[in-house]
Structures are given as structure tokens and as C-alpha cells.
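Please treat every number below as a calculation from the coordinates, not as lab data. These numbers come from a predicted model, not from an experiment. Positions of Cβ are generated from backbone atoms using ideal geometry, with glycine treated the same way; all protein chains shown enter the neighbour counts.
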Amino acid sequence: MPSRKEMAQSKYLKPIAHRFLLPELWRFTRRSVPRGVALGLFSAFIIPVGQIFLAAFLAFPARANVPLAALVTFVTNPFTIAFWAVVANQVGRFILRIDAATSGVANEQLRSGTWQWVIDAFEVAGVTVVGFFVLAVVSSAVGYLLSSAVWRVLVARKRAKRLKRMEERLDERLSAN
């Protein structure tokens with residue numbers, strides 16, 4: 001990972017370095033972490049290629065954590081994309097309820113010809129695209145809520161430990177006096 005100084009001097013990032021290198025985009029805070037997770041999941045499912053760049057550029061106006069947004073996009077990778085495509089197809093079928101019985105008479109005429117494979121491919125692709133869109137929206141919402149809850153639990157534990165240490169120090173000071 002290049003340092004912040006190296007990224008600021010990169011010829012590709014120089015035009016946007018003033019926005020890209022803002023400290024608030026790189027800190028882990030209670031607001032930036034859930035935003036980063038949500039944008040990363042949305043970007044992972046909405047486009048198959050270049051999702052890291054999409055997540056990073058969406059993080060600017062949303063003031064989300066850029067590294068986390070980029071990292072979460074790896075939920076869809078070359079090893080898992082086939083699984084997610086099948087899931088998206090099933091979700092799309094469920095949402096659209098495409099069924100052979102609901103096809104019209106004109107569709108039956110087209111299917112009897114040599115273009116049947118093209119029609120089938122477009123039907124499957126359309127259903128899968130709808131499924132990926134639904135996955136993008138739902139997973140980003142669930143990711144936001146889940147990461148927000150996890151963040152709160154982690155901060156509460158950290159705070160409880162700190163308070164316990166302070167209490168022990170106070171008890172030690174009182175017992176020493």
C-alpha cells in the first residue's frame with residue numbers, strides 16, 4: 001500500500017488528491033465505517049468490473065471510509081462471482097416471477113424460430129441484472145445496519161474496559177492513602 005505522501009504525488013491522483021486524501025475519508029469512525037461497508041457492498045454487486053474504483057469515488061461525497069469501502073467489494077471476486085450470479089438469478093426470478101406460462105403468444109412464435117437461444121439469453125440476463133440490483137440495495141442496507149451495530153458493541157466493550165481500568169487505578173490510589 002503506498003503511503004499518503006506517495007499517493008499525493010502520483011500523477012494520476014494529483015488532480016483529485018486534495019479530495020482523495022482528506023483525513024476524514026481514512027479514519028475509522030462510527031459514521032464512516034457503516035457508510036464504507038454499505039458503499040462497498042453496493043459497488044460489489046452493482047457492476048462486475050471496477051467496483052473498487054466505484055466504491056472509492058462514491059465514498060468522497062458520502063464521507064465514507066475509503067479503505068473499508070474498497071475492501072468490502074471483494075465479497076464479489078473471480079472465485080465467488082459464479083455463486084453470486086446464481087443467487088442473483090434466483091432473486092431476480094423471485095422478484096419478477098418470470099414463468100413460461102405467463103409468456104404471450106408472440107413470445108411463443110419467436111421461440112419457435114432460430115432466435116430462441118438469443119431470447120433465452122436476454123431473459124436470463126435481464127432476470128440476473130434485476131437480481132444483482134436487488135442484492136446491491138439489500139446487502140448495502142443490511143451491511144450498514146450490521147456494521148453500525150458491531151461498531152457500537154466494539155466501542156461499548158472498549159469503553160467498559162477503560163472505565164474498569166480507571167476504577168482499578170482509583171481503588172489503588174485510595175488504598176495506598
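Here is how the numbers come out for the structure above:
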| read-out | value |
| --- | --- |
| Partners for LYS5 among lysines (Cα-Cα distance below 18 Å; same-chain residues under 8 apart left out) | LYS14 |
| 3J(HN,Hα) from dihedral phi, the range 164-172, Karplus parametrisation 6.51/-1.76/1.60, rounded to Hz, x for glycine, proline | 5, 4, 5, 5, 5, 4, 5, 5, 5 |
| Sites VAL137 and GLN9, calculated FRET efficiency, Cβ-Cβ separation with R0 30 Å, nearest 0.05 | 0.20 |
| Sites matching chymotrypsin sites (Phe, Trp or Tyr not before Pro) across the range 28-78 that sit in DSSP coil, with at most 14 neighbouring C-beta atoms within 10 Å | PHE28 |
| Simple spin-label estimate for ALA85 and ARG159 in nanometres, 7 Å along Cα-Cβ | 4.7 nm |
| Residues ARG27 and MET166, FRET efficiency given R0 of 30 Å [Cβ-Cβ distance, rounded to 0.05] | 0.75 |
| Table column - 3J(HN,Hα) (Hz), the range 63-73, Karplus curve with 6.51, -1.76, 1.60, x for Gly and Pro | 6, 9, 6, 5, x, 5, 4, 5, 5, 5, 5 |
